[in-house]
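Enquirer: I'd like to ask you about the structure that follows.
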Amino acid sequence: MMHCPNCKSKNIGKIGANQYYCWSCFIEMTMSNGSLSLHQVEEDGTLTSLDDLFEAEDLQAEM
Ligand SMILES: [Zn+2]
């Protein structure tokens with residue numbers, strides 16, 4: 001079971017083949033090459049990358 005790198009919640013929903021959504025802090029996670037890419041969904045629907053806020057090891061997938 002994966003957890004959210006941002007809030008450590010396990011309240012993660014799968015929204016696509018390699019896409020997940022954290023219902024606790026409302027960020028979208030995309031899995032690619034074994035690591036996660038995090039995006040925040042803004043009110044107008046645009047995505048803001050959060051990757052700069054995390055260290056690479058925090059984004060390693062823990063499946
Ligand atoms: Zn979260």
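The values are calculated or read from the model by the stated rules, or taken from the named source; none is laboratory data. Because the structure is a prediction, the values reported are computed rather than measured. As a convention, Cβ positions derive from the backbone with ideal geometry for all residues, glycine included, and neighbour counts pool all protein chains shown.
Per-residue answers, yes or no, for (1) at pLDDT below 90; (2) away from the ligand (no atom under 11 Å from the Cβ):
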position	(1), (2)
CYS7	no, no
ILE12	no, no
TYR21	no, no
HIS39	no, yes
ASP44	no, yes
SER49	no, yes
GLU57	yes, yes
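Enquirer: When you scan the range 20-30, do you find a residue that is in contact with a His (Cβ under 9 Å, 6 or more places away or on another chain) and either among the hydroxyl-bearing types (Ser, Thr, Tyr) or in a loop (DSSP other than H, G, I, E, B) (or both), even just one?
Expert: The answer is yes, given that some residue of the range 20-30 is in contact with a His (Cβ under 9 Å, 6 or more places away or on another chain) and either among the hydroxyl-bearing types (Ser, Thr, Tyr) or in a loop (DSSP other than H, G, I, E, B) (or both).
Enquirer: What number goes with the only condition from (1) touching a residue at least 24 places away in the same chain (Cβ under 8 Å); (2) touching a Phe, Trp or Tyr at 6+ places or on another chain (Cβ under 8 Å); (3) part of a loop (DSSP other than H, G, I, E, B) that HIS3 does not pass?
Expert: The one condition HIS3 does not meet is (2).
Enquirer: Further question: Among all residue pairs at least 6 apart or on different chains, which show Cβ distances below 9 Å where the first residue, located in the range 32-50, is surrounded by fewer than 10 Cβ atoms within 10 Å (Cβ to Cβ) and the second is of a type outside the set (Ser, Thr, Tyr) and not in a loop (DSSP other than H, G, I, E, B)?
Expert: GLY34/GLN60
Enquirer: Right, next: For the range 23-37, which positions are touching a strand residue (DSSP E or B) at 6+ places or on another chain (Cβ under 8 Å) and away from the ligand (no atom under 16 Å from the Cβ)?
Expert: GLY34, SER35
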